[in-house]
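**Student:** First the structure, then my questions, so here it is.
The values are calculated or read from the model by the stated rules, or taken from the named source; none is laboratory data. Quantities reported herein were computed from a predicted structural model and do not represent experimental measurements. Note that we place each Cβ from the backbone using ideal geometry, even for glycine, and neighbour counts take in every protein chain shown. The accessibility values were calculated without ligands, DNA or RNA, using every heavy atom of the protein model including side chains. Shrake-Rupley method; radii C 1.70, N 1.55, O 1.52, S 1.80 Å.
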Amino acid sequence: MTGTPQPPALDRELHHPTRLALAAYLSACGEAEFAVLRDYCQVSDSTLSKTLSALEKTGYVSIRKGYLGKRPRTWAALTFTGRRALTGHLTALEEIASAARRAAAGSEGDRSEPDED
């Protein structure tokens, strides 16, 4: 095997912007109510419901249903597995950004002044 560097491992389940935004928001709190998440992500109820279901299937999010008074409510929380996945995904994104900065800095050093005749 050669020493070719492998590309950073982005998490396919967190790659979509809405999923990433949800995971990031939930990482900063214990749990959040459905309406708060919907408003934060600026998505429809249907889109948020599908997104939360997908993240729940991966084990990244736990869902709790209950009542506030007589009104049904849904809360979501990021699981330990979800926190680990988010950390890994953010690390991979930072590696990509760092590699791009290094490549840009290296290409600036390769430029030479045009010959003056």
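**Student:** Contact list please: Cβ distance under 6 Å, first residue in the range 31-54 and free of Cβ contacts under 8 Å to residues at least 24 places away in the same chain, second residue surrounded by 15 or more Cβ atoms within 10 Å (Cβ to Cβ) and polar (S, T, N, Q), pairs at least six apart or on different chains.
**Tutor:** Final answer for the pair search is C41/T18.
**Student:** Would you pick out the residues in the range 15-54 that are outside any helix (DSSP H, G or I) and among the hydrophobic types (A, V, I, L, M, F, W, C)?
**Tutor:** A28, C29, A32, V43
Okay, residues lined up against (1) within 17 Å of the chain's Cα centre (by Cα); (2) of a type outside the set (G, A, S); (3) at negative phi; (4) open to solvent by less than 30 Å² (accessible area, probe 1.4 Å):
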| residue | (1), (2), (3), (4) |
| --- | --- |
| P17 | yes, yes, yes, no |
| F34 | no, yes, yes, no |
| L37 | yes, yes, yes, yes |
| K57 | yes, yes, yes, no |
| E95 | yes, yes, yes, no |
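**Student:** Here is a further query. Going through the range 39-55 one residue at a time, which ones are of a type in the set (D, E, K, R) and either closer than 24 Å to F80 by Cβ or open to solvent by less than 60 Å² (accessible area, probe 1.4 Å) (or both)?
**Tutor:** Correct list: K50 only.
**Student:** Next question, about the same structure. Using the structure shown, decide if A76 is open to solvent by less than 90 Å² (accessible area, probe 1.4 Å), outside any helix (DSSP H, G or I) and in contact (Cβ under 8 Å) with a residue 40 or more places away in the chain. Working first, answer last.
**Tutor:** Working: open to solvent by less than 90 Å² (accessible area, probe 1.4 Å): yes; outside any helix (DSSP H, G or I): yes; in contact (Cβ under 8 Å) with a residue 40 or more places away in the chain: yes.
Considered against the rule, which asks whether it is open to solvent by less than 90 Å² (accessible area, probe 1.4 Å), outside any helix (DSSP H, G or I) and in contact (Cβ under 8 Å) with a residue 40 or more places away in the chain, A76 comes out as yes.
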